[in-house]
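> Mind looking over this structure? Questions follow.
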Amino acid sequence: MTPKRLYRAAAATLLACATLFPAPTLLAGNRFDTEEITVDPGPPRWRAPQQARTLVATMGTSTPSPNPYRLGAAGALIVDNQAYLIDAGEGALRAIAKTATAHDKALVDVFAPPKLTHLFLTHLHSDHTVGLPSLILNPWIFGRSAPLEVYGPVGTQRLVDGILAAYQPDIRERIDGPEGANDTGWRVNVHEFESGGVVFQDERLKVEAFAHEHGTLPAYGYRFTSADRVVVWAGDGKAGPAFQEAAKDAGLLVTEIGSEATVRNSPWGGMSAEERERVVWSYHLKPSNLARLASAAKVKTLVLIHESNYSAPYDPLAILEEFRRLYSGEVYSSRDADIY
Ligand SMILES: [Zn+2]
Ligand SMILES: [Zn+2]
């Protein structure tokens, strides 16, 4: 075939493809053209039990979806005014600032940058870790002198080493330049674990990790026990036996959830609806499985985060309503900066 004929044949094939798969089909995964990212779920709520010494903050409640009303994965346990951070998704530090300044600034001192010293990562998916450089470096700019203590699965050290290597020019300049920053607050002590069990304990809080089923990535949830509450922050994953055991008699269970009703509209996971369904459920938690797990574990209150909600037209409460048809206990759909 001559180059001219080859060109014509290629152009004809492209034209045929464009006719068979018009632009809207090819743009099905365009997250900037979905209703979901235009809907404000509303202001944060304070729902903590009265006199509670332990508070739970759902600071960033998004999935990887670039929703401007929901920051990336970020949470916190607050025990006697000390915050223990969970996950560092996109905008984690802004989620902290939002939580600190909501509720008549009740938590401004709790989240003061020098006090942001403990972080627990559930797993190393990017939607739970892209905010880590900011959590390591920015509180240091505002005066933190203690290193950040980071607890997470195997691979956490490598991630932190990479971040610190990438930011060496910034770090050196702040220390040696006119800013004269301290030489300790940018440092990170990583505590990796490769199986479930107690991963942290101090005078306020015991933290036990439990292994999740979440694709092939090591993933964990945490069971937090303080003087007055038992809180399970499940992270991402399906309803496996370790999750079932960890959820037993929890006062509060904070968990991701997907939608069985709308999973076929998922913008990721494959080209066909069947493929998307299969892929999504190899990572995420079905409402029917969560209902079974929470009932068997006798969980008192459920809080949904990281909701994979593909309803169309978009309804921010679609998953809550879907779940309530399966579960009669107390359950909330979270918003950023909610306190439970
Ligand atoms: Zn994940
Ligand atoms: Zn996630």
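The values are calculated or read from the model by the stated rules, or taken from the named source; none is laboratory data. It should be emphasised that the depicted structure is a prediction, and the values quoted were computed from it without experimental measurement. As a convention, Cβ positions derive from the backbone with ideal geometry for all residues, glycine included, and neighbour counts pool all protein chains shown. The accessibility values were calculated without ligands, DNA or RNA, using every heavy atom of the protein model including side chains. Shrake-Rupley method; radii C 1.70, N 1.55, O 1.52, S 1.80 Å.
> Kindly check whether there is at least one residue in the stretch 252-262 that is within 16 Å of ligand 2 (Cβ to nearest atom) and part of a helix (DSSP H, G or I). Don't jump to the end; show me each part of the working.
Looking only at the stretch 252-262, we keep the residues that are within 16 Å of ligand 2 (Cβ to nearest atom), and these are 254-259.
Of the ones still in play, those that are also part of a helix (DSSP H, G or I) are none.
No.
> Need pairs with beta-carbon distance below 9 Å; first residue assigned to a strand (DSSP E or B) and charged (D, E, K, R) and within the stretch 211-229, second open to solvent by 50 Å² or more (accessible area, probe 1.4 Å) and within 11 Å of ligand 1 (Cβ to nearest atom); sequence gap 6+ or separate chains.
none
> Residue by residue through the stretch 323-340, note down the ones that are touching a strand residue (DSSP E or B) at 6+ places or on another chain (Cβ under 9 Å) and either farther than 21 Å from A250 by Cα or of a type in the set (D, E, K, R) (or both). Spell out how you get there, then give the answer.
So in the stretch 323-340, the residues touching a strand residue (DSSP E or B) at 6+ places or on another chain (Cβ under 9 Å) come out as 323-324, 327, 329-340.
Across the stretch 323-340, the qualifying residues are R324, E330, R335, D336, A337, D338.
> Yes or no: the stretch 197-210 includes at least one residue that is within 16 Å of ligand 1 (Cβ to nearest atom), in a loop (DSSP other than H, G, I, E, B), without any contact (Cβ under 8 Å) to a residue 40 or more places away in the chain and under 19 Å from the mean Cα position of the chain (by Cα). Spell out the reasoning first.
Quick first cut of the stretch 197-210, residues within 16 Å of ligand 1 (Cβ to nearest atom) only: 209-210.
Going one step further and asking which of them are in a loop (DSSP other than H, G, I, E, B), we end up with none.
Within the stretch 197-210, none of the residues are within 16 Å of ligand 1 (Cβ to nearest atom), in a loop (DSSP other than H, G, I, E, B), without any contact (Cβ under 8 Å) to a residue 40 or more places away in the chain and under 19 Å from the mean Cα position of the chain (by Cα).
> Which of the residues spanning the stretch 168-195 are under 30 Å from the mean Cα position of the chain (by Cα), surrounded by fewer than 16 Cβ atoms within 10 Å (Cβ to Cβ) and assigned to a helix (DSSP H, G or I)?
Across the stretch 168-195, the qualifying residues are Q168, P169, D170.
> Scan the stretch 22-35 and give yes if some residue there is more than 16 Å from ligand 1 (Cβ to nearest atom), at pLDDT below 95 and under 30 Å from T301 (Cα atoms), otherwise no.
In the first step, residues of the stretch 22-35 are kept if they are more than 16 Å from ligand 1 (Cβ to nearest atom); the result is 22-35.
In the following step, the residues that additionally are at pLDDT below 95 were identified as 22-35.
Next, from what is left, pick out any that are under 30 Å from T301 (Cα atoms): 35.
Yes, the stretch 22-35 contains a residue that is more than 16 Å from ligand 1 (Cβ to nearest atom), at pLDDT below 95 and under 30 Å from T301 (Cα atoms).
> Another one. Quick one: would you say I175 is hydrophobic (A, V, I, L, M, F, W, C) and either at positive phi or without any contact (Cβ under 8 Å) to a residue 24 or more places away in the chain (or both)?
Working: hydrophobic (A, V, I, L, M, F, W, C): yes; either at positive phi or without any contact (Cβ under 8 Å) to a residue 24 or more places away in the chain (or both): yes.
Against the criterion (hydrophobic (A, V, I, L, M, F, W, C) and either at positive phi or without any contact (Cβ under 8 Å) to a residue 24 or more places away in the chain (or both)), I175 qualifies.
> Something else: Just one of the numbered conditions (1) hydrophobic (A, V, I, L, M, F, W, C); (2) away from ligand 2 (no atom under 16 Å from the Cβ); (3) within 25 Å of Q201 (Cα to Cα) is not true of F120; which one?
For F120, the failing item is (2).
> Take the stretch 36-85 and flag every residue that is among the hydroxyl-bearing types (S, T, Y) and closer than 13 Å to E307 by Cα. Talk me through it step by step, then tell me what you get.
Of the residues in the stretch 36-85, the ones among the hydroxyl-bearing types (S, T, Y) are 38, 54, 58, 61-63, 65, 69, 84.
The answer is T58, T61, S62, T63, S65.
> Another question, if that's okay. Identify, from the list V110, V160, V150, the residue that is over 23 Å from E192 (Cα atoms), surrounded by 14 or more Cβ atoms within 10 Å (Cβ to Cβ) and away from ligand 1 (no atom under 16 Å from the Cβ). Before you say what the answer is, go through the steps one by one.
Working: V160 fails: over 23 Å from E192 (Cα atoms); V150 fails: over 23 Å from E192 (Cα atoms).
None of the other options fit; the residue is V110.
> Follow-up question, since we're still on this one. Which condition number does L135 fail, the rest of (1) more than 11 Å from the chain's Cα centre (by Cα); (2) open to solvent by 20 Å² or more (accessible area, probe 1.4 Å); (3) under 17 Å from T58 (Cα atoms) being met?
It is condition (2) that L135 fails.
> Which count do you get for residues in the stretch 71-96 that are in contact (Cβ under 8 Å) with a residue 40 or more places away in the chain, touching a strand residue (DSSP E or B) at 6+ places or on another chain (Cβ under 7 Å) and not β-branched (V, I, T)?
Here is the first cut: in the stretch 71-96, the ones in contact (Cβ under 8 Å) with a residue 40 or more places away in the chain are 71-75, 77, 79-80, 82, 84-93, 95.
Imposing the further condition that a residue be touching a strand residue (DSSP E or B) at 6+ places or on another chain (Cβ under 7 Å) reduces the set to 71-75, 77, 79, 84-89, 91-92, 95.
Among the residues that remain, those that are also not β-branched (V, I, T) are: 71-75, 77, 84-85, 87-89, 91-92, 95.
Total satisfying the criteria: 14.
> Filter the stretch 312-326 for residues that are part of a loop (DSSP other than H, G, I, E, B) and either of a type in the set (D, E) or open to solvent by less than 20 Å² (accessible area, probe 1.4 Å) (or both) and give the result. Break it down into steps so the answer makes sense when it comes.
We begin by selecting, within the stretch 312-326, every residue part of a loop (DSSP other than H, G, I, E, B); these are 312-317, 325-326.
Answer for the stretch 312-326, where residues must be part of a loop (DSSP other than H, G, I, E, B) and either of a type in the set (D, E) or open to solvent by less than 20 Å² (accessible area, probe 1.4 Å) (or both): just D315.
> Let me ask something additional. For the stretch 212-238, give me the residue count where each residue is away from ligand 2 (no atom under 16 Å from the Cβ) and under 19 Å from the mean Cα position of the chain (by Cα).
Kept after step one, since they are away from ligand 2 (no atom under 16 Å from the Cβ), are these residues of the stretch 212-238: 223-232.
Now drop any that are not under 19 Å from the mean Cα position of the chain (by Cα), which leaves 223-224, 231-232.
Residues that pass the stated criteria total 4.
> Among the residues of the stretch 81-107, write down those that are of a type outside the set (D, E), within 16 Å of ligand 1 (Cβ to nearest atom) and not in a strand (DSSP E or B). Give the derivation first.
Keep residues of the stretch 81-107 that are of a type outside the set (D, E), which gives 81-86, 88-89, 91-103, 105-107.
Filter again for within 16 Å of ligand 1 (Cβ to nearest atom), leaving 86, 88-89, 92.
Listed by number, the residues that qualify are A88, G89, A92.
> Considering only the stretch 65-84, how many residues are more than 16 Å from ligand 2 (Cβ to nearest atom) and either among the β-branched types (V, I, T) or open to solvent by less than 10 Å² (accessible area, probe 1.4 Å) (or both)? Lay out the reasoning, then the answer.
Pass one, the stretch 65-84, residues more than 16 Å from ligand 2 (Cβ to nearest atom): 68-69, 76-84.
Narrowing further to those that are either among the β-branched types (V, I, T) or open to solvent by less than 10 Å² (accessible area, probe 1.4 Å) (or both): 76-79, 83-84.
Residues flagged as more than 16 Å from ligand 2 (Cβ to nearest atom) and either among the β-branched types (V, I, T) or open to solvent by less than 10 Å² (accessible area, probe 1.4 Å) (or both) within the stretch 65-84 amount to 6.
> Does the stretch 256-276 contain at least one residue that is within 15 Å of ligand 1 (Cβ to nearest atom) and surrounded by fewer than 17 Cβ atoms within 10 Å (Cβ to Cβ)?
Yes, that holds for at least one residue.
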